[in-house]
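Step one of this worksheet: look at the structure below.
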């Protein structure tokens, strides 16, 4: 049932292993450990569940552990510097290896610490959430938040291996599973119509955490992301398509204060708004929007912004987000299910109309 | 009199311009500015002297300035984060450009901020010390210090251009000029015997800040460093040769507390100890050591550790430094003037004997 996917980035290529029980296979992890000094970074939620089996794969090495508090608010400079303090207290050398055991926050902070410790050391991702398995596993984006914006400080740093043990998804809260599925749906929408059809056919299996369905969903998501990233490692072109729903979504997260909605929940609602806007522009046929909405709803995901967040305010937040990120307000929209494009040619009125439309139930 | 040197690193290639008055040539700088937002980072010593002419080259752009306090002790996390705070306060986008105007500290911090701001933005080096012009201009090493060790947090991030205006050397204190010359001598010692001979012939001209001599010394140093870096960008092999004298030198700096001796001064004494050790091992003929010592002395550089720092203590500090840096104690030694090698095969007794020997005057 196990899958192996190779991400081809020249000298920075690495494998992703996907399957049940992988954390309990020490022979899988060991060949990717560089040097004799390992630091496992995890958080207070994940460590009690999965640190022990991981540790069994590291016998004979110098192993340090760094357990972070759980939550996006800790993805910031002090938590990050704490990793360097710990590495230097133990005199870790340049040939050490960092292992990130946890979700996206742990992966982003640990990867960024690995990127900068002595100008770059090896790191292994062991993602334990569906979102991290489908999203953070591929792309090499690492970083921390700044009070003025998410992921504003970071680096591109590829892992030497990713081990996605699907057994870890059994302990994942319902909402987090759904948030991961939102990103899975995104891959179908932006470039893989067959995968979108497959998701419609296997929505119940995924919802019920069927192992085979989850493995296939993760593999196909990673493969789609890999195709995009291999063509555009530094996000100069088509990699922007991965941001479908994200500009709308970030506005929801910022409007509510980060931490109220999960990122994947905001992206789900954002994708519906992007689909609405695409329909209004005549790029997406009318039947596609309810299809997208319906699949997301089957996963228990929100498909509109919260009622308390007005459409004008959303637009304002979208403009701020984009101003900091790249200059002009450019959106990822759909030409069909499985086909996306980036455009800057959308008016404020059109954006507001699409937000309003997402609020209507049919 | 101006020189242009191209550093060939594939997609990360860039030019180094060397010559008098370059800061006052706006047409030189402008083509390398990406986007419309520029932040000049400098310090309280350099900014009053050279910020004004630089600013004249940036008319029509959004220009922010960040003036850091002067000194190696400010090469640390808070100063570094202050740059992000300022960039985000001004909502600088991913296509902005950072310009480092100053010596090695300004260059290292600014380059590292550019490496991490929104996962990497463009930066231009305008080095105003001889050390920065010959050393920081090539190699892409950026970073900050940690209380537990120098340059422990950083990244490889290449500039888009380096502008080395030799007029800025006219305001450089005597000791700093000499410290830069120590690194210049290093290039002759590790790989360029003809350059070493040239330095012996032009020591007085350099000491007197003769413009043509300085330009040639900078160009040949940068070319030598470029040859090494182009072959080994990530410091996996021969790039280690650039550390001639540095393990001894770091021990002096650490033993005295950083800031007492300049880095280049410590490296000068370190190179004499490395030469002594090479002679003791039979790799370097006896006449070479006084030749090296004499050239360094003509520049007013120290050629032995300070009397208060015992040889046993030096050895201890060298071992600590190396433990954190890379594991075993490996030293760069000389096989001749213009030829170096890395070896781990040296005993504690031999190292102490070489330190002791450097203290004797002849």
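Run the simple label-point estimate for residue A:63 and residue B:287 please: 7 Å along Cα→C-beta, distance reported in nm.
Simple spin-label model gives 6.1 nm for this pair.
If I take the Cα coordinates of the stretch B:174-359 and project them onto the principal axes, what are the three extents in Å, biggest first?
Answer, in whole Å and largest first: 43, 36, 32 Å.
With n ≥ 4 as the cut-off for DSSP H runs, can you work out [θ] at 222 nm for the protein assembly as shown, using -39500 (n - 2.57) per run divided by the number of residues, rounded to the nearest 500?
-14000 deg cm²/dmol, from helical runs alone.
Working out 0.36 nm times the residue gap between residue A:24 and residue A:232, then minus their Cα-Cα distance, what length gain in nm do you get to one decimal?
71.5 nm
Got a sec? How would A:5, B:54 order by Cβ neighbour count within 10 Å, fewest to most?
By the 10 Å Cβ count, ascending, the order reads A:5, B:54.
If you wrap a convex hull around the alpha carbons of chain A, what volume per residue comes out, as a whole number of Å³?
Each residue corresponds to 121 Å³ of Cα convex hull volume.
Which percent of Cα-Cα pairs in the stretch A:59-151 sits in each 10 Å bin, short to long?
Reading the bins upward from 0: 16, 52, 29, 3, 0.
Can you work out the PRE-style zone for residue B:171? Point 7 Å along Cα to Cβ, and I want the residues of the stretch B:65-107 with backbone N under 11 Å.
B:102
Given the options A:108, A:165, A:232, which has the most mean-square fluctuation in a GNM of chain A, springs set between C-alpha atoms less than 10 angstrom apart?
Its mean-square fluctuation being the largest, the pick is A:232.
Can you tell me the convex hull volume per residue for the protein assembly as shown, based on C-alpha atoms, in Å³ to the nearest whole number? Write down the numbers at each step before the final one.
Working: hull volume 104.4 nm³, N = 724.
Output value, Cα hull per residue: 144 Å³.
Within 10 Å of each Cβ in peptide A:92-101, how many partner chain Cβ atoms are there on average? Round it to a whole number, please.
Values: counts 3, 7, 6, 2, 1, 0, 0, 0, 0, 0.
Shielding by partners across A:92-101 averages 2.
Using a Förster distance of 30 angstrom, determine the FRET efficiency expected from the C-beta separation of residue B:78 and residue A:90, and round it to 0.05.
0.80
In percent, how large is the relative contact order of the stretch B:174-359, given Cα pairs closer than 8 Å and 6 or more residues apart?
29
How would A:186, A:225 line up from fewest to most surrounding beta-carbon atoms within 10 angstrom?
Least crowded to most crowded, the residues run A:225, A:186.
For the pair residue B:360 and residue A:148, how long in nm is the line joining their label points, each one 7 Å along Cα→Cβ?
6.0
Any idea what angle helix A:77-89 forms with the longest principal axis of chain A, computed on alpha-carbon atoms, 0 to 90 degrees, nearest 10?
Result, in degrees: 10.
How much of the calculated P(r) for the stretch A:10-65 lies past 13 Å, in percent of all Cα pairs?
66
Running a GNM on chain B with Cα contacts under 10 Å, which residue among B:35, B:308, B:120 ends up with the highest mean-square fluctuation?
B:308
Taking the Cα atoms only, what angle lies between the long axis of helix A:104-116 and the longest principal axis of chain A, rounded to 10 degrees?
Taking Cα atoms only, the helix is inclined about 60 degrees.
What angle do you read, to the nearest 10 degrees and between 0 and 90, between the alpha-carbon axis of helix B:311-325 and the longest principal axis of chain B?
40
Looking only at other chains, what is the average number of their beta-carbon atoms within 10 angstrom of each beta-carbon in B:20-30?
Mean partner-chain Cβ count within 10 Å for B:20-30: 0.
With a 10 Å Cβ neighbour count serving as the proxy for reagent exposure, in which order, fewest first, do B:168, A:171 appear?
Exposure proxy ranking, most exposed first: A:171, B:168.
Could you check how many percent of all C-alpha pairs in the stretch B:3-170 are farther apart than 22 Å?
Values: 4864 of 14028 pairs.
Percentage above 22 Å: 35.
Bear in mind that the values in this text are calculations on the coordinates, not laboratory data. These numbers were taken from a predicted model, which means no experiment stands behind them. Neighbour counts are summed over all protein chains in view; Cβ atoms, including those assigned to glycine, are modelled from backbone coordinates with ideal geometry.
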